[in-house]
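The block underneath contains the structure these notes are about, expressed in structure tokens.
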Amino acid sequence: MGKIGAFKIIPPSPPPERPIEERVRDYREIHAPFGETQLREQTARCMNCGVPFCNNGCPLGNLIPDWNESVYRGRFKEALDLLLATNNFPEFTGRICPAPCEESCVLNLEQRPVTIKGIEESIIERAFSEGWMTSVIPSRRTGHNIAVIGSGPAGLACAAQLNSAGHVVTVFERADRIGGLLTYGIPGFKLEKQIVERRVGLLKQEGIRFVTSACIGTTPTVAELLGSFDAVVLCCGSTKARELDLPGRELSGIHLAMDYLTQQNRSDFGDQIPAVDRISASGKRVIILGGGDTGADCLGTAIRQGAASVHQFELMPEPPRERTQEMPWPVWPMLLRQSAAHDEADAIRPAGADSVRGQVRDFSICTKSFSGADGRIEKLHGVRLNWTREPSGRMCMSEIGGSEFSMPCDLCFLALGFVHPEHDGIVKLLQLETDSRGNVKTDANYLTTTPHVFCAGDMRRGQSLVVWAIAEGRRAAHCVDVSLMGRSELPS
């Protein structure tokens, strides 16, 4: 371990953040990696537990105590090797992962976990700044050609692993840029796009071929896909958004959250958005439906666009702020989490601004309908809910009589999550079977019901975390390698 007893005297400290009044004026990242002194202090807090629950809490099984020790001792290259042994893209997870490892940290019994996420980002950024991150080209090629469909975190991880095993990998992406969710779904203030481009540049140097604006079924055709590649890995994500079938949904000004976030990311790239298609919160009263990360991303974006007011409504009740008996350590707890966007909203919101309860976030709210004039939304109509738990554990909701309300609304974003992958397109073209939730069905080896076609990530397991997508891509790569070679040295 680092410094014996350091966890008793050194408090946990997150990476530095830019001042709110500065960062809400742009779309650059809001925080920076640790300075070296702070970094080594934070790694010193790691107790190197006999049973490292942090490793188990991480879907990638990151060797956290090991690289903490290396950083504390000043052995940064060693720390980098340990980090990359389990995680292809720590520059992504170090920025946007909700850090289940920290929730599993033994010190979190007293809510003082090691700041693992910030340490992870600091290691990889040190490596890039020192020039240690260079392309590693495979020493031999197997002669097998593999297609990976989708260039999000699962697809990139799968492609990177298969390429390192010596296979020739082509990644097909339907968008005009590589990165999937990383490029178009996550705002720049959480993940600047140059970080994604930097990694994609390395992967290209290592021999991976990328094809953008690819429409499977047309370019390439299904026959070309199945005939030209020895294996196909589908990593297309869970992109079928959950909708609201309510009166007034057809009104202009109601948008899916991902349409809004994608457009702002395109604008950040310098793409020209036609005025007629532009979704702007400037000067508008905005309501976001959905209390998760996507809703918070819409919140931060609307603030930067100069919204007159923003409110975020959640159907479910407000989560507890601390663990309950139903959420014992070290399991992942469903707690109330305050994002950077919420900090911004709390800091800049005018005193006395209108809301149901005088706050930006509100819970136990059911939207009943929308109304407007001349085809545009003007009001959201809702009701407050009461939640009870049945003996079976199932949560049941009922409307509270007399709690009906209407709120002025010029712009409404639906951030309600995703139900499953899109079925029209490659799922239908390849005649893939789906499970009861609409996800692509696979066996234990990630193989779909269509021969030589594998599937990984959200498309297979449902909407989840970036860290889970990377883990899925790595495991699928192992299974593909075994199917082609009979054995694999890739981690399973």
With a Förster radius of 30 Å, plug the Cβ-Cβ distance of Leu429 and Arg209 into 1/(1 + (r/R0)^6) and report the FRET value to the nearest 0.05.
0.85
Alpha carbon centroid spacing (whole Å) that separates region 192-260 from region 426-492:
16 Å
So, in nm, how far is label Gln338 from label Val482 when the simple model puts each one 7 Å beyond its Cα toward the Cβ?
4.6 nm
List every residue whose amide H lies under 5 Å from the amide H of Asn48, counting only residues 5 or more places away in sequence or on a different chain, with H placed 1.01 Å from N in the peptide plane.
none
Using θ = phi - 60° and the Karplus relation 6.51 cos²θ - 1.76 cosθ + 1.60, list the HN-Hα couplings for region 448-453 in order, rounded to whole Hz, with x at every Gly or Pro.
7, 7, 9, x, 6, 10
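Mind ranking 144-157, 475-488, 217-230, 91-104 by how tightly packed they are, going by the mean number of other C-beta atoms within 10 angstrom, highest first?
On the way: 144-157: 27.9, 475-488: 19.7, 217-230: 14.3, 91-104: 22.9.
Taking the mean over residues of other Cβ atoms within 10 Å, the ranking is 144-157, 91-104, 475-488, 217-230.
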Pairs of Cα atoms under 8 Å, at least six residues apart: use those to get the relative contact order of region 243-416, whole percent.
31 percent
For the chain, what is the calculated [θ] at 222 nm in deg cm²/dmol (nearest 500), taking -39500 (n - 2.57) for each run of four or more DSSP H residues and dividing by its residue count?
-9500 deg cm²/dmol
First check a/c for region 113-162, with a ≥ b ≥ c the square roots of the eigenvalues of its C-alpha gyration tensor; if it is under 1.5, answer rounded, and if not, answer prolate when a/b is larger than b/c or oblate otherwise.
oblate
Shape verdict for region 161-274, please, from the Cα gyration tensor: rounded (a/c under 1.5), prolate (a/b greater than b/c) or oblate.
oblate
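Could you work out how much longer the chain between Asn145 and Glu224 gets when fully extended? Use 0.36 nm per residue separation minus the Cα distance between them, nm to one decimal. Walk me through the numbers on the way to the answer.
Values: separation 79, 0.36 × 79 = 28.44 nm, distance 1.25 nm.
Here the answer is 27.2 nm.
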Placed amide H near Val233: partners under 5 Å, 5+ positions off or other chain:
Ala147, Val148, Ile149, Phe454
Starting with the highest mean, order 293-304, 79-90, 326-337 by the number of other Cβ atoms within 10 Å, averaged over the residues of each peptide.
293-304, 79-90, 326-337
Excluding residues fewer than 8 positions from Lys368 in its own chain, the lysines with Cα under 18 Å of it are Lys379
In Å, what Kirkwood hydrodynamic radius results for region 243-416 from the alpha-carbon pair distances?
17.3 Å
For region 6-130, averaging the sequence separation of alpha carbon pairs under 8 Å that lie six or more residues apart and dividing by its residue count, the contact order in percent is 29 percent
In whole Hz, with x marking every Gly and Pro, tabulate ³J(HN,Hα) for region 33-46 from phi via Karplus 6.51 cos²θ - 1.76 cosθ + 1.60, θ = phi - 60°.
x, 4, x, 4, 5, 5, 4, 5, 5, 5, 5, 5, 6, 5
If the cut-off is a Cα-Cα distance under 14 Å, which aspartates and glutamates reach Lys3, setting aside same-chain residues fewer than 8 apart in sequence?
Glu41, Asp66, Glu69
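What order do you get for 385-392, 439-446 when each peptide is scored by the mean count of other beta carbon atoms within 10 Å, highest first? Provide the component values of the computation, followed by the final result.
Details: 385-392: 10.5, 439-446: 17.6.
Ranked from most to least packed, the peptides come out as 439-446, 385-392.
Using the C-alpha gyration tensor of the chain, what are the square roots of 5 times its eigenvalues, in whole angstrom, with the largest one first?
36, 30, 22
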Relative to 2.2 N^0.38 Å, what does the C-alpha radius of gyration of region 6-130 come to as a ratio? Two decimals please.
1.02
Set Lys193/Lys240; Lys77/Lys117; Lys8/Lys190; Lys77/Lys441, cut-off 29 Å on Cα-Cα distance; pairs above it are Lys8/Lys190; Lys77/Lys441
Can you tell me how much longer the chain between Ile9 and Arg321 gets when fully stretched, taken as 0.36 nm per residue apart minus their C-alpha distance, in nm with one decimal?
109.9 nm
Rounded, prolate or oblate: which fits region 344-492 when a ≥ b ≥ c are the square roots of the eigenvalues of the alpha-carbon gyration tensor, with rounded for a/c under 1.5 and prolate only if a/b beats b/c?
prolate
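Taking Cα pairs under 8 Å and at least six residues apart, what relative contact order does the chain come out at, in percent?
It rounds to 16 percent for the chain.
FYI, it's all coordinate maths here, none of it is from the lab. Predicted, not measured: the structure shown is a model, and the values here were computed from it. We place every Cβ from the backbone using ideal geometry, glycine too, and count neighbours over all the protein chains shown.
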